[in-house]
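The values are calculated or read from the model by the stated rules, or taken from the named source; none is laboratory data. Note that this is a predicted model, so its numbers are computed, not measured. Please note: Cβ atoms are built from the backbone with ideal geometry, for glycine as well, and neighbour counts cover all protein chains shown. All accessible areas refer to the heavy atoms of the entire protein, side chains included, with ligands and DNA or RNA removed. Shrake-Rupley method; radii C 1.70, N 1.55, O 1.52, S 1.80 Å.
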Amino acid sequence: MNNNVPKIQLTIILASVVYFSTIDAGISAFYGGIISLINTALINRHMQKCSNSMTMDAQTSVAMMAVSVITRMMMAAGLTLIGFFLLELNSEALIFGLVFGLIGFLIDKVK
């Protein structure tokens, strides 16, 4: 069994999709949840990359962290804007799905 699966994050995303499905915005909440899962995958990839190269100096480590943060923020902003303007999804459901997914990620990491 893989312990890296974000169980709480997935549960919270599923709950938000079920809730917003009652007002016909389940797809929007799902899209926001997918954005948070992509963010989680990018964080895990970055952490794995850093742990594999133990001989990295501090300057390189800070540069890699900065690139990771910028990449994740650009991805989240870009996909959110695509959801708003191109896909014309419900903005409230999309944001709630994204935020609840990120909160689930934080709970998974603390637990």
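Would you mind counting up the charge near Leu42? Only other residues with Cβ under 12 Å from its Cβ, with Lys and Arg at +1 and Asp and Glu at -1.
Result for the local shell: +3.
Consider just the alpha-carbon atoms of the range 63-111 and return their Rg together with their Dmax, both in angstrom.
Values for the range 63-111 (Cα only, Rg and Dmax): 13.0, 37 Å.
Evaluate the range 7-110: find the radius of gyration of its Cα atoms, find its Kirkwood radius, and give the ratio Rg to Rh.
The Rg/Rh ratio comes out at 1.08.
Please give the peptides 23-33, 72-82, 9-19 ranked by average Cβ packing (other Cβ atoms within 10 Å per residue), highest first, as a rough proxy for protection.
In descending order of packing, they fall as 23-33, 9-19, 72-82.
Which value, in debye to the nearest 20, describes the size of the charge dipole of the chain about its Cα centre when Lys and Arg Cβ atoms bear +1, Asp and Glu Cβ atoms bear -1, and nothing else is charged?
400
How tilted is helix 91-110 with respect to the longest principal axis of the chain? Cα atoms for both, answer in degrees (0 to 90, nearest 10).
Taking Cα atoms only, the helix is inclined about 40 degrees.
Considering only protein heavy atoms and a 1.4 Å probe, what is the carbon-and-sulfur percentage of the accessible area of the range 7-110?
C and S atoms contribute 73 percent here.
What 222 nm value per residue comes from the helices of the chain, counting each DSSP H run with n ≥ 4 as -39,500 (n - 2.57) and dividing by all residues, nearest 500 deg cm²/dmol?
Using -39500 (n - 2.57) per qualifying helix, the result is -27000 deg cm²/dmol.
Accessible area per residue, 1.4 Å probe, Å², for the chain: what's the number?
That works out to 66 Å² per residue.
Distance between Cα centroids, the range 1-60 to the range 86-110: provide it in whole Å.
Between the Cα centres of the range 1-60 and the range 86-110 lies a distance of 10 Å.
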